[in-house]
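What follows is a set of notes on a single structure, which appears directly below.
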Amino acid sequence: RRLDSRSGLSAGLLGETQTPISSEPLESGYEVTGELGRGKFAVVKRCVEKTTGKVFAAKFLRKRRRGRDCRAEVIHEMAVLEMARNNPRVVNLYGAHETDHDVVLVLEYAAGGEIFDNCVSEELLPEAQITRLIRQTLEGVHHLHQSNLVHLDLKPQNILLTSLSPPGDIKIVDFGLARRLGSAGELREILGTPEYVAPEVLNYEPITTATDLWSVGVIAYMLVTGESPFAGDDKQETYLNVSQVNVDYSREAFSRVSELAVDFIRKLLVKAPEDRPSAAECLSHPWLWYQPLCLSPEPVAVRSVRERSCGTKWAAPLEDKENF
Ligand code: ADP
Ligand code: MG
């Protein structure tokens with residue numbers, strides 16, 4: 001039984017992909033250059049397609065992890081990326097290669113790096129840039145949630161920028177923990193990084209789309225203050241801070257931004273998932289449309305929020321605004 005629950009499909013993973021998986025090594029078509037990042041089971045490298053000179057990011061995913069065959073997890077990550085293919089805020093998947101050790105995903109290259117670099121006190125962005133990035137993140141999350149996908153690992157390391165300076169558009173990456181909701185009963189798992197994860201995840205309670213919105217609140221807090229709201233000196237302290245929703249909203253931490261920022265973050269960092277606004281509801285929060293003294297390059301006309309937030313391909317159902 002133990003083995004069963006560990007096999008991919010019974011864990012609620014998607015099992016089918018359309019992208020053909022080539023058995024040719026990546027190096028036959030690409031020149032692999034520097035390393036862009038790495039996690040526990042993956043290394044991401046910059047690569048250049050030989051025929052076109054186009055730059056991509058190649059994510060090398062190890063198939064064996066902790067002595068276990070995890071190919072199903074890798075296939076799932078591909079399948080989620082395919083489901084999100086028409087989401088302009090999610091990195092595109094161009095192809096895949098397989099070797100004995102790895103499956104290599106060829107991904108759209110996000111040249112601006114992680115927004116994590118903008119969460120360090122010396123590099124904080126102006127408020128108009130922060131609200132633009134949060135708007136785009138919410139658009140991406142809204143689009144995922146409409147397909148019943150939850151990301152479950154949203155954090156500043158997994159939100160990238162298409163260009164660095166001036167900051168480009170965001171691209172959501174890393175769908176290793178993403179899940180499809182609905183099909184196989186309730187989803188409860190201990191996943192993600194304690195610092196960024198919602199109380200219901202730590203408490204092994206049902207996971208819903210609201211779980212991602214907690215993380216958006218954490219990301220907004222970090223972009224505004226340069227501090228991680230729940231990070232403690234050790235795991236236990238972090239765990240306690242999250243489950244008690246122990247957040248510093250002091251004036252000093254928020255001196256550089258409008259009071260609307262605190263209001264926005266307070267509405268997301270709420271213990272009960274059902275009391276958090278949805279992504280669509282968040283998109284109508286006044287903070288995201290507030291113009292500080294310096295004008296942002298994006299023209300904001302006096303049109304409705306609905307029109308403005310639908311500049312991209314998707315249509316947001318913003319009728320239910322009761323949370324704001
Ligand atoms: P992991 O599952 O190991 O966290 P990620 O998919 O998050 O793997 O990738 C690790 C890091 O590699 C990211 O945090 C980012 O810095 C970099 N990276 C990932 N994908 C891209 C990409 N498409 N373009 C540029 N950098 C990327
Ligand atoms: Mg990651």
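Mind checking which residues of segment 46-69 are touching a strand residue (DSSP E or B) at 6+ places or on another chain (Cβ under 9 Å), more than 16 Å from ligand 2 (Cβ to nearest atom) and open to solvent by less than 60 Å² (accessible area, probe 1.4 Å)?
Within segment 46-69, CYS47, VAL48, GLU49, VAL55, PHE56, LYS63 meet the criteria.
Go through (1) touching a residue at least 60 places away in the same chain (Cβ under 8 Å); (2) within 16 Å of ligand 1 (Cβ to nearest atom); (3) over 17 Å from the mean Cα position of the chain (by Cα) one by one and return the number of the condition ASP174 breaks.
Of everything listed in (1) touching a residue at least 60 places away in the same chain (Cβ under 8 Å); (2) within 16 Å of ligand 1 (Cβ to nearest atom); (3) over 17 Å from the mean Cα position of the chain (by Cα), ASP174 misses just condition (3).
Just a yes or no: is a residue in segment 227-246 of a type in the set (Ser, Thr, Tyr) and without any contact (Cβ under 8 Å) to a residue 12 or more places away in the chain?
Within segment 227-246, not a single residue is of a type in the set (Ser, Thr, Tyr) and without any contact (Cβ under 8 Å) to a residue 12 or more places away in the chain.
Among (1) more than 16 Å from ligand 2 (Cβ to nearest atom); (2) under 20 Å from ILE134 (Cβ atoms), which single condition is PRO206 missing?
Of (1) more than 16 Å from ligand 2 (Cβ to nearest atom); (2) under 20 Å from ILE134 (Cβ atoms), only one is false for PRO206: (2).
Take segment 108-136 and flag every residue that is within 15 Å of ligand 1 (Cβ to nearest atom) and open to solvent by less than 30 Å² (accessible area, probe 1.4 Å).
Those that are within 15 Å of ligand 1 (Cβ to nearest atom) and open to solvent by less than 30 Å² (accessible area, probe 1.4 Å): ALA110, GLY112, GLY113, ILE115, ASN118, CYS119.
In segment 177-266, which helices (runs of 4 or more DSSP H) lie fully inside it and hold 1 or more residues that are surrounded by fewer than 19 Cβ atoms within 10 Å (Cβ to Cβ) and modelled with pLDDT under 95?
Where helices (runs of 4 or more DSSP H) fall fully within segment 177-266 and carry at least 1 residues being surrounded by fewer than 19 Cβ atoms within 10 Å (Cβ to Cβ) and modelled with pLDDT under 95, they are 199-202, 235-243.
Report yes if some residue within segment 90-99 is open to solvent by 30 Å² or more (accessible area, probe 1.4 Å), assigned to a loop (DSSP other than H, G, I, E, B) and within 12 Å of ligand 1 (Cβ to nearest atom); otherwise report no.
Yes: segment 90-99 contains one or more residues that are open to solvent by 30 Å² or more (accessible area, probe 1.4 Å), assigned to a loop (DSSP other than H, G, I, E, B) and within 12 Å of ligand 1 (Cβ to nearest atom).
Being modelled with pLDDT under 95 and open to solvent by 50 Å² or more (accessible area, probe 1.4 Å) is the filter; apply it to segment 29-38 and report the residue that is nearest to ligand 1 (Cβ to nearest atom).
This residue is ARG38.
Answer with yes or no whether VAL43 is more than 12 Å from ligand 1 (Cβ to nearest atom), in contact with a strand residue (DSSP E or B) (Cβ under 9 Å, 6 or more places away or on another chain) and open to solvent by 10 Å² or more (accessible area, probe 1.4 Å).
no
How many residues are within 16 Å of ligand 2 (Cβ to nearest atom), of a type in the set (Val, Ile, Thr) and touching a Lys or Arg at 6+ places or on another chain (Cβ under 7 Å) when one looks only at segment 138-186?
Qualifying residue count for the region: 3.
The values are calculated or read from the model by the stated rules, or taken from the named source; none is laboratory data. Only a predicted model underlies this, so the values are computations on that prediction, with no experimental measurement involved. FYI the Cβ positions are ideal-geometry reconstructions off the backbone, even for glycines, and counts take in every protein chain you see. Surface accessibility is based on the protein's heavy atoms, side chains included, excluding ligands, DNA and RNA. Shrake-Rupley method; radii C 1.70, N 1.55, O 1.52, S 1.80 Å.
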